[in-house]
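For reference, the structure discussed in these notes is given below.
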C-alpha cells in the first residue's frame, strides 16, 4: 500500500520568543514492510537543521533559531508498506531487548497495574505472545478513547486510573504492564491510515512493540486492538513518548504559546486526493 502523509505543526509566541531549539523525530526509515519512497521536511523560517541518528537509530533533526513570533514545521511524503502480521524485520537494533525492560516515570506501574499484568501473565505462563495479545485486548477494554483528560506528560499510572486517554496513553499502559511481567516493550510514534476513511487527524499515532523470543519485535496497537499492519507507518522508537515524540524542544523568552497540529494520512492515488500544503 502507498500512503501519502502530511504532518504540520505551528507554534505562535506572543510576544515573540528570543530563541527556540527544537528536536524533530519526524522522518521515517525503511525496513522490511516499509519503504520510504519520498520524504521532505520544511521549516517556515531560515533555520539551520543538523541531521543525525539518535541512540535508537531514529533520524533526528535539531533546529535552532533566534527571535521569532511563529514557527511552522512540515513534513510530507510517500511510504510503501506491506503487512508482515505485526512482526518487525530489517530494523537497525542497537541494543539488546532487555534494555527495554527499563522503567521510566511515564511507564511505571502501581500495585493495581502490577496485579493486572501478573494475572494475565499467569494465564499464559509459557506463551509470551498469548500474554501480549491478552494484554492488548484488556487494555483496550479498560480504556475509553478521550482527548480531554490527558496530555503529553500523563503517566501510565494516571491514565490507567482515569480509564480514559489517547493512543499514547494506551501505549504507555501496555508497555508498563508488559515490562512489569518481564517482557521487553518500547514506544513507537508514527502514522495510521484509519479504516473509516477519515483523512484529517488531530495528531500522529502511537503504539507499542514487544519482544517475543523466536519471533522478535512485534507491534501492538492497543488503541485499535490490532497488531500493526500496512496501515501503520513507523517513524521513531523510545523507552516512552519523550524519546520518540515528533517534536520536543524549548524556547527562551516570549509570552503565551499556542500550538496547532494538522495531520493527513491517505492511500495514494485515491480520488479527491488532497493537495500539498508545504510551507516554503
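Brief remarks follow.
- Taking the convex hull of Cα positions in segment 97-243, its mean projected area over all directions (nm²): 8.1
- Between helix 111-123 and the chain: long-axis angle, C-alpha atoms, 0 to 90°, nearest 10: 60
- Between the alpha-carbon centres of segment 183-201 and segment 4-59 there is a gap of 18 Å.
- Here the simple spin-label model places points 7 Å from the Cα toward Cβ, and for residue 52 and residue 30 these points are separated by 2.5 nm.
- Normalised by residue number, the volume inside the convex hull of the Cα atoms of segment 28-139 is 186 Å³ per residue.
- Relative to the longest principal axis of the Cα atoms of the chain, the long axis of helix 167-180 makes an angle of roughly 40 degrees.
- On the basis of the beta-carbon distance and an R0 of 30 Å, residue 18 and residue 78 show a calculated FRET efficiency of 0.20.
- Compared with the dominant Cα axis of the chain, that is its longest principal axis, helix 128-142 is turned about 60°.
- Estimated from helices alone, the mean residue ellipticity of the chain at 222 nm is -5500 deg cm²/dmol (sum of -39500 (n - 2.57) over DSSP H runs with n ≥ 4, per residue).
- For the pair residue 118 and residue 195, a Förster radius of 41 Å applied to the C-beta separation gives a FRET efficiency near 0.75, rounded to the nearest 0.05.
- Evaluated at q = 0.08, 0.15, 0.16 Å⁻¹: base-10 log I(q)/I(0), Debye formula over Cα of the chain: -0.33, -1.15, -1.28
- With neighbour counts taken as other beta-carbon atoms within 10 Å, the residues 116, 145 rank, fewest first, as 145, 116.
- Gain on full extension, evaluated as 0.36 nm per residue between residue 99 and residue 42 minus their Cα-Cα distance, stands at 17.1 nm.
- 220, 192 arranged by Cβ crowding within 10 Å, fewest neighbours leading: 192, 220
- Taking the fewest neighbouring Cβ atoms within 10 Å as the starting point, the ordered list for 264, 4, 163 is 163, 264, 4.
Read-outs: derived from the displayed coordinates by stated rules, not from any lab. The model shown is predicted, which means the values in this text are computed figures rather than measured ones. All Cβ positions, glycine included, derive from the backbone under ideal geometry; neighbour counts span all protein chains shown.
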